[in-house]
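> This is the structure, below, for whatever I ask next.
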Number of protein chains: 2
Amino acid sequence: MSTPPANANPKPPRAPRNSLTYDRVVAGAVDLADDQGIDALTMRALATHLEVRPMAIYHYVANKDAILDAIVDAVFGEVYIPEATGDWRDELTTRSASMRATLGRHPWAVGLLETRPNPGIASLTNHNAVLDVLLTTGFSLPATAHAYAAIDAFVYGFALQEAMLNSVDLAGSAPELLAGMNLTDFPRITEFAMQHVMQPGYAFGNSFDVGLTMVLNGIAALR
Amino acid sequence: MSTPPANANPKPPRAPRNSLTYDRVVAGAVDLADDQGIDALTMRALATHLEVRPMAIYHYVANKDAILDAIVDAVFGEVYIPEATGDWRDELTTRSASMRATLGRHPWAVGLLETRPNPGIASLTNHNAVLDVLLTTGFSLPATAHAYAAIDAFVYGFALQEAMLNSVDLAGSAPELLAGMNLTDFPRITEFAMQHVMQPGYAFGNSFDVGLTMVLNGIAALR
DNA sequence: ACCTGAACACCGTTCAAGT
DNA sequence: ACCTGAACACCGTTCAAGT
């Protein structure tokens, strides 16, 4: 036989030429972060995911930081871009819901924003559209500044809280913190959990529309 | 001479016994994250900071994850604990301002919340106090849930935006994202920046009180 | 031009060993 | 009991080398 003997750990074949593109690198990184969490997004794991050796990736991006910037902007690219139709409230409600849903699909993005806020095209495009909606419907520059800050603070913060709820892991809590912790030390939490959170029909997400309405009412008053 | 010859890189002496405690480990980790950023918080750097060998730390904490849980809770420990005085609005205003200031001092904490939300004693204590303020001043359980979600979403989100603004680094933006980017593609951002953001007296932080008032007004209406 | 292997300076963490 | 050194399996990234 001219074929080599079967190998328990066969080394994968050399990747074909042009199997990689910048977009495939970014999309693969988003996939990996979605599936395995942001900590699992290593250059080596991404290379395996893309069926390539680690160093091939460096032909398309400068380094890992550039990938982190890029996947944050890729997430912004999924968010609805509001239009200056004249109904600012309707448009910003749709955009806020879309932002929340998008961050819910990619919860790691919220945590990345703090250290990787370098704006990309998608982020700037969405930002510009929101400003356009406000400035064409009678909001002054100061009112626009306050309105924008309030909406995004609420939406980012709500998405952060939802991400937190999804990753709470009691078993993983530091034993040093749990030691000596006692349910009776927190009677209001216990009461709230038993009488409200654990009742049928409760869902944290129910508070999104309520809170957004508060913010939008406040913004309407600035106009 | 019985002393060894001078060494260019003298190995530091063995650390004295009981030089470490759990609290010193946690406080050292907070210092390091504050001073050098969360990425610089490695077990080895922390050991150097504490003048100890890396493995000594493991006598006080199970692993690095436990340290991350602990420093998040240490941050919550700096936040004002509201009291059930009857004036819910005043108390929650004070707590919100304190939370914002605290996260401003430790901006890395916002990013950690997404992956390390395991509640510690300080977090639960503050949480319990906020619930107590609301439940003793006439808020129903559902109203309390909405109020709490809205306040914390706004405060976390605002702190996240402030952290983002402080770490924007145009020079560090991925060139792939900046390539072909053009100021004239974002006319509203340009207009907003020139005519408002760059004018004297503007500060992003000015929007905090405005936004918080929107949320508190909305909460008052739930009562 | 595009992909790769070897190597380097880092990580977190185990384990056995000092004092 | 508390601190340590050596070692292991990982990282991101450089550089020179294949095709």
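The values are calculated or read from the model by the stated rules, or taken from the named source; none is laboratory data. Remember, predicted model here, so these are calculated numbers, not experimental data. Every residue, glycine among them, receives a Cβ derived from its backbone with ideal geometry; neighbour counts consider all protein chains shown.
> Can you find a residue in the stretch B:101-114 that is part of a loop (DSSP other than H, G, I, E, B), crowded, with 20+ Cβ neighbours inside 10 Å, touching an Asp or Glu at 6+ places or on another chain (Cβ under 7 Å) and facing chain A (nearest Cβ under 7 Å)? Quick ask: steps written out before the conclusion?
Let us first name the residues in the stretch B:101-114 that are part of a loop (DSSP other than H, G, I, E, B), namely B:106-107.
Right, trim to crowded, with 20+ Cβ neighbours inside 10 Å and you get B:106-107.
Subsequent filtering for residues that are touching an Asp or Glu at 6+ places or on another chain (Cβ under 7 Å) retains B:106-107.
Now narrow it down to the ones that are facing chain A (nearest Cβ under 7 Å): B:107.
Yes, the stretch B:101-114 contains a residue that is part of a loop (DSSP other than H, G, I, E, B), crowded, with 20+ Cβ neighbours inside 10 Å, touching an Asp or Glu at 6+ places or on another chain (Cβ under 7 Å) and facing chain A (nearest Cβ under 7 Å).
> Report whether or not A:GLU78 is at pLDDT 95 or above and farther than 17 Å from A:TRP108 by Cα. Give the steps one after another, and end with the answer.
Working: at pLDDT 95 or above: yes; farther than 17 Å from A:TRP108 by Cα: no.
It is false that A:GLU78 is at pLDDT 95 or above and farther than 17 Å from A:TRP108 by Cα.
> Another question, if that's okay. Filter the stretch A:147-203 down to residues that are modelled with pLDDT under 75 and β-branched (Val, Ile, Thr), then give me how many there are.
Final tally of qualifying residues: 1.
> How do the pairs read when you match residues in the stretch B:36-62 that are within 18 Å of A:ASP39 (Cβ to Cβ) with residues anywhere that are aromatic (Phe, Trp, Tyr) and within 6 Å of DNA strand C (Cβ to nearest atom), using Cβ under 9 Å and keeping only pairs 6 or more apart or on different chains?
Final answer for the pair search is B:MET43/B:TYR58.
> Next up: Restricted to the stretch A:153-168, and to residues that are free of Cβ contacts under 8 Å to residues at least 40 places away in the same chain and touching a helix residue (DSSP H, G or I) at 6+ places or on another chain (Cβ under 9 Å), which residue is farthest from the other protein chains (Cβ to nearest Cβ)? First the steps, then the outcome.
Of the residues in the stretch A:153-168, the ones free of Cβ contacts under 8 Å to residues at least 40 places away in the same chain are A:153, A:157, A:164-165, A:168.
Then keep just the ones that are touching a helix residue (DSSP H, G or I) at 6+ places or on another chain (Cβ under 9 Å); that gives A:153, A:157, A:164-165.
Details: A:ALA153: 4, A:GLY157: 3, A:MET164: 4, A:LEU165: 8 Å.
This residue is A:LEU165.
> Picking from A:GLY28, A:GLY77, which residue would you name as being more than 14 Å from DNA strand D (Cβ to nearest atom) and of a type in the set (Gly, Ala, Ser)? Working first, answer last.
Numbers: A:GLY28 fails: more than 14 Å from DNA strand D (Cβ to nearest atom).
One residue alone meets the criteria, A:GLY77.
> Only one residue in A:ARG44, A:ARG105, A:ARG17 is out of contact with any Cys (no Cβ under 7 Å at 6 or more places or on another chain) and away from DNA strand D (no atom under 16 Å from the Cβ). Which one?
Criteria check complete, one pass: A:ARG105.
> Just one of the numbered conditions (1) in a loop (DSSP other than H, G, I, E, B); (2) in contact with a Pro (Cβ under 9 Å, 6 or more places away or on another chain); (3) within 11 Å of DNA strand C (Cβ to nearest atom) is not true of B:ARG17; which one?
Going through (1) in a loop (DSSP other than H, G, I, E, B); (2) in contact with a Pro (Cβ under 9 Å, 6 or more places away or on another chain); (3) within 11 Å of DNA strand C (Cβ to nearest atom) one by one, B:ARG17 breaks only (2).
> Determine, yes or no, whether B:ALA74 is within 12 Å of another protein chain (Cβ to nearest Cβ) and touching a His at 6+ places or on another chain (Cβ under 9 Å).
Details: within 12 Å of another protein chain (Cβ to nearest Cβ): yes; touching a His at 6+ places or on another chain (Cβ under 9 Å): yes.
Criteria met by B:ALA74.
> Do we have B:GLN195 as within 7 Å of another protein chain (Cβ to nearest Cβ), free of Cβ contacts under 8 Å to residues at least 60 places away in the same chain and surrounded by fewer than 13 Cβ atoms within 10 Å (Cβ to Cβ) here?
Numbers: within 7 Å of another protein chain (Cβ to nearest Cβ): yes; free of Cβ contacts under 8 Å to residues at least 60 places away in the same chain: yes; surrounded by fewer than 13 Cβ atoms within 10 Å (Cβ to Cβ): yes.
In short, yes.
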